[in-house]
Amino acid sequence: MVHPTTETNAMGRVAAQIILDEEETETLEHWQRSSTVSSGLCFRAAIVLDCAAGYSGEEIAERHRTSQQTVSKWRRRFAQHRLAGLSDAPRSGQPRRHEDAQVQRVLEATLNRQPKNATHWSTRSMAEATGMSQTAIVRIWASTWSIFVLFMMGAFPRSLMKC
């Protein structure tokens, strides 16, 4: 593996030199090849591997059809935080309103229980049964509607529902 001497980025700053240990190399190569990791993580792994291989920021940007600023960002994040620096940072915006356990409780009841004196759940009856608001039930059902449709068509294995 060729390690670069000091490289300056587009802004004239010295770019961090990336030297990987064997475990990091294996992990990054796995992420780059894997079909189960996000495309963003695969992209970032490829950038870091190229940095470690000695390519310049300009060459890496051209190889991956991105900007030198993007290459610099991921080089810097990796240098500071190693593998953990490549994961997605929490996004700004309003935090989730419902805990995973609440969503799970609604999904479990929707799929496995029948309401009293009714053939199917309404948002009001589910809200009453779970102690949540009707609006919360609407949001949960809306966010999981495609899963329900696939499940009802038999195209989504029940084992994946974790109910």
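Spelling out what I want: for every residue of the range 92-104, take phi, set θ = phi - 60°, compute 6.51 cos²θ - 1.76 cosθ + 1.60 (Karplus), and round to whole Hz; glycine and proline get x.
Computed from phi, the couplings for the range 92-104 are 6, x, 5, x, 4, 8, 10, 6, 4, 5, 5, 4, 4 Hz.
How fast does the range 74-133 diffuse by Stokes-Einstein, in µm²/s, taking the Kirkwood radius from C-alpha pairs at 20 °C and 1.002 mPa s?
Working: Rh = 14.9 Å.
The Stokes-Einstein estimate is 144 µm²/s.
Tell me which residues come under 5 Å, amide H to amide H, from Ala15 once H is placed; ignore anything under 5 positions away on its chain.
Here the answer is Glu7, Thr8, Asn9, since their amide H atoms fall under 5 Å of that of Ala15.
Each residue of the range 119-133 in turn: what ³J(HN,Hα) in whole Hz from Karplus with 6.51, -1.76, 1.60 and θ = phi - 60°, glycine and Pro shown as x?
With the stated coefficients, the range 119-133 comes to 8, 8, 7, 9, 4, 5, 5, 5, 4, 5, 5, 9, x, 10, 7 Hz.
Which of the trypsin sites (Lys or Arg not before Pro) across the range 12-71 are loop residues per DSSP, with 10 or fewer other Cβ within 10 Å?
Numbers: sites: Arg13, Arg33, Arg44, Arg63, Arg65; in loops: Arg13, Arg65.
Qualifying residues, ordered by number: Arg65.
Out of every Cα pair in the range 7-86, what percent are spaced more than 16 Å from each other? Walk me through the numbers before you get to the answer.
Values: 1381 of 3160 pairs.
Taking all Cα-Cα pairs of the range 7-86, the fraction more than 16 Å apart is 44 percent.
Using DSSP to call loops (not H, G, I, E or B), can you name the GluC sites (Glu not before Pro) in the range 60-147 whose Cβ has at most 15 other Cβ atoms within 10 angstrom? List each step's numbers first, then the result.
Values: sites: Glu62, Glu99, Glu108, Glu128; in loops: Glu99.
Within the range 60-147, the qualifying GluC sites (Glu not before Pro) (loop, at most 15 other Cβ atoms within 10 Å) are Glu99.
Ordered by residue, what ³J(HN,Hα) values in Hz, to whole numbers, does the range 48-58 give under the Karplus form 6.51 cos²θ - 1.76 cosθ + 1.60, where θ = phi - 60° and Gly and Pro are x?
5, 4, 5, 4, 5, 6, x, 5, 6, x, 5
Here, each number is a calculation from the coordinates, and none is a lab measurement. These numbers were taken from a predicted model, which means no experiment stands behind them. In this analysis, Cβ positions are derived from the backbone assuming ideal geometry, glycine residues included, and neighbour counts consider all displayed protein chains.
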